[in-house]
Amino acid sequence: FNAQEDWIVGRAITQGLEPGVVRHIYKFPNNGTGKPWVAILYSNARISTLQNSANSYYRVSTSIDLSEGNSSPVSSLAPIVTCPRGACRFLVPAIDKNGDALKFRLAAKSESAITRLPSGLTIDSRSGLIDWSDSTTETLGLYAIQVVIEDLNDNGEVKSSVAMDFIINLQEFNNNQPPVFDVPPTPENNRTITAVVGQTLSFQVVASDPDAGDIITIGHVGLPLGAKFET
């Protein structure tokens, strides 16, 4: 949970399985026509305080093809991303266990059920960089966004896809600079840290803020089993 950003992440539990796992067994590798299975979570539970899709339906889906032994991409994006109006730019982090090339795109309305995407918001298909610099006239507040991450084969064809459904909190920060991570000792962005089985892995995460008197809070959006984050 994050008290400053006002969000909490829950873990689904199926009786008899480890926490965080909801298991479904498919009898066949694909849906019988050579196309992947599509798993969908669908409800009418979007919050009423959204500026672009209040009280609308909520829909996320993922494609599953078990014939290739492929692992889908994963992301550690926070549930709420706070962004300054007129200067909103951030990366959607994603990795793929198989090392496949990744493609990012905004979900269509038929996929996400989001009634209106924020005007001028774009995403770079290769890097996952979201750019909403053209947000100077938008109303401050919460906006629902869904990004689809696809992993590609050597021919550029989609192997699987996952959806990241999150909220942008658009705010005004007059005369305020955002905090930054101090590198080093904080590992640089996109660095891969190798962990050796049976050996302790530890590293520091340090941040600072150029504005005098500002208090910095450092948190996380998920840790591997057994890991600890001390603030």
For the stretch 11-44, what are the residues that are within 25 Å of residue 221 (Cα to Cα) and open to solvent by less than 70 Å² (accessible area, probe 1.4 Å)? 12, 14, 17, 20, 21, 39, 43
Out of everything in the stretch 183-229 that is hydroxyl-bearing (Ser, Thr, Tyr), open to solvent by less than 100 Å² (accessible area, probe 1.4 Å) and within 23 Å of the chain's Cα centre (by Cα), what residue ends up being modelled with the lowest pLDDT? 217
Taking residue 159 as meeting all but one of (1) open to solvent by less than 60 Å² (accessible area, probe 1.4 Å); (2) out of contact with any strand residue (DSSP E or B) (no Cβ under 6 Å at 6 or more places or on another chain); (3) among the charged types (D, E, K, R), write down the number of the exception. (2)
Candidate set from the stretch 11-59 (those that are modelled with pLDDT under 85 and among the hydrophobic types (A, V, I, L, M, F, W, C)); member that is farthest from residue 214 (Cα to Cα): 17
Suppose the filter is farther than 30 Å from residue 99 by Cα, open to solvent by 40 Å² or more (accessible area, probe 1.4 Å), out of contact with any Cys (no Cβ under 9 Å at 6 or more places or on another chain) and at pLDDT below 85; does residue 8 pass it? yes
Residue 222 passes all but one of (1) on the phi > 0 side of the Ramachandran plot; (2) in contact with a Gly (Cβ under 9 Å, 6 or more places away or on another chain); which number fails? (2)
Scan the stretch 45-61 for residues that are assigned to a loop (DSSP other than H, G, I, E, B), closer than 22 Å to residue 149 by Cβ and open to solvent by 50 Å² or more (accessible area, probe 1.4 Å) and report the count. 1
Taking the stretch 162-177, which residues are in contact with an Asp or Glu (Cβ under 8 Å, 6 or more places away or on another chain) and open to solvent by 80 Å² or more (accessible area, probe 1.4 Å)? 177
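The values are calculated or read from the model by the stated rules, or taken from the named source; none is laboratory data. Note that this is a predicted model, so its numbers are computed, not measured. So basically every Cβ, Gly included, is an ideal-geometry build from the backbone, and we count neighbours across all protein chains shown. Just the protein is used for accessible areas: all its heavy atoms, side chains included, with ligands, DNA and RNA removed. Shrake-Rupley method; radii C 1.70, N 1.55, O 1.52, S 1.80 Å.
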